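Inspection log for the structure reproduced underneath, given as structure tokens.
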Amino acid sequence: MTDSAQPPRVLICDDDAAIREGLVEVFERAGFTAYSAGDVAAMERQLAAKGADLIVLDLMMPGEDGLSACKRLSGKGRPPIIMLSALGDDADRIVGLEIGADDYLAKPCNPRELVARARAVLRRGRDADTSAAEAVRFAGFRLDIARRELHDPDGVVIPLSAGEFRLLRAFVERPQRVLSREQLLDYAFDNDSDVFDRAVDVQVSRLRKKLERRGSPEIIRTVRGEGYLFAVKPTA
């Protein structure tokens with residue numbers, strides 16, 4: 001994450017030069033340092049040379065597409081990603097979030113909304129970075145809040161996307177109580193759009209698979225018609 005004294009750096013990756021130039025201008029007017037790339041290979045060169053605090057990534061591009069790049073980069077300490085796509089239905093949004101994007105907007109999007117979402121994504125990252133350097137244990141697992149790492153009972157690190165980490169943190173901070181999808185959206189995704197209700201279900205399903213162990217208790221339970229419950233009690 002960028003030093004708070006410096007403007008946040010945003011890297012826009014889109015094969016349409018007009019869109020790239022327009023978004024660079026929009027973000028620079030909003031106080032960001034913005035630069036761009038025309039494909040995933042150029043994006044990775046820019047990341048290596050300049051770094052970034054946030055990536056705005058188009059889905060449909062020649063060569064490697066945005067979904068593939070986002071999935072490949074997920075869990076490697078990469079900057080948060082906002083996915084942009086002309087494919088704007090619910091299924092496409094869910095796929096984008098499922099493979100590790102931190103937010104998803106359909107094109108054409110309102111530039112002010114994109115900037116607002118960028119700030120929200122960065123704010124969530126700062127909140128996580130400034131959390132107490134402590135670990136939480138549950139059912140043999142260990143969640144290191146400061147490092148954003150989940151260790152299984154054998155000590156192996158389980159990769160988590162940014163969304164999965166925020167969701168698990170929301171659960172461990174509010175254990176043994178039913179949380180509705182709307183609450184989980186507020187706690188973990190900072191987004192109040194009804195479109196994302198199903199995305200919560202997808203993220204919960206992915207997180208459950210990573211917490212499953214033979215003979216272990218059910219950690220995240222579905223409460224029909226109400227939401228989800230983190231069934232075990234975490235300890236410090």
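The values are calculated or read from the model by the stated rules, or taken from the named source; none is laboratory data. Owing to the predicted nature of the structure, the values given are computational and were not obtained by experimental measurement. Every residue, glycine as well, gets a Cβ built from its backbone with ideal geometry; the counts of neighbours run over all protein chains shown. Accessible surface areas use protein heavy atoms only, side chains included; no ligands, DNA or RNA. Shrake-Rupley method; radii C 1.70, N 1.55, O 1.52, S 1.80 Å.
What pairs come out if I take residues in segment 13-29 that are more than 20 Å from L47 (Cβ to Cβ) and pair them with residues that are assigned to a helix (DSSP H, G or I) and modelled with pLDDT under 90 whose C-beta lies under 8 Å away, six or more apart or interchain? Listed by first residue and then by second, the contacts come to G22/P111; V26/P111. The residue of segment 78-130 that is modelled with the lowest pLDDT, among those that are small (G, A, S) and touching a Cys at 6+ places or on another chain (Cβ under 8 Å), is G96. When R29, R45 are screened for being open to solvent by 30 Å² or more (accessible area, probe 1.4 Å), basic (K, R), under 20 Å from V115 (Cβ atoms) and at pLDDT below 95, only R29 passes.
Based on this model, can you work out whether E182 counts as among the acidic types (D, E), modelled with pLDDT of 85 or more, open to solvent by 50 Å² or more (accessible area, probe 1.4 Å) and over 30 Å from R9 (Cβ atoms)? No.
Scan segment 146-158 for residues that are open to solvent by 50 Å² or more (accessible area, probe 1.4 Å) and in contact with a helix residue (DSSP H, G or I) (Cβ under 6 Å, 6 or more places away or on another chain) and jot them down. Across segment 146-158, the qualifying residue is only R148.
Before we move on, is E21 surrounded by fewer than 20 Cβ atoms within 10 Å (Cβ to Cβ), modelled with pLDDT of 80 or more and closer than 21 Å to A116 by Cα? The answer is yes for E21. Candidates are the residues of segment 159-178 that are under 11 Å from R206 (Cβ atoms) and of a type in the set (A, V, I, L, M); the one that is surrounded by the most Cβ atoms within 10 Å (Cβ to Cβ) is L168. Scanning segment 30-73 for residues that are among the small types (G, A, S), without any contact (Cβ under 8 Å) to a residue 60 or more places away in the chain and not in a helix (DSSP H, G or I) returns G31, A34, S36, A37, G38, G51, A52, G63.
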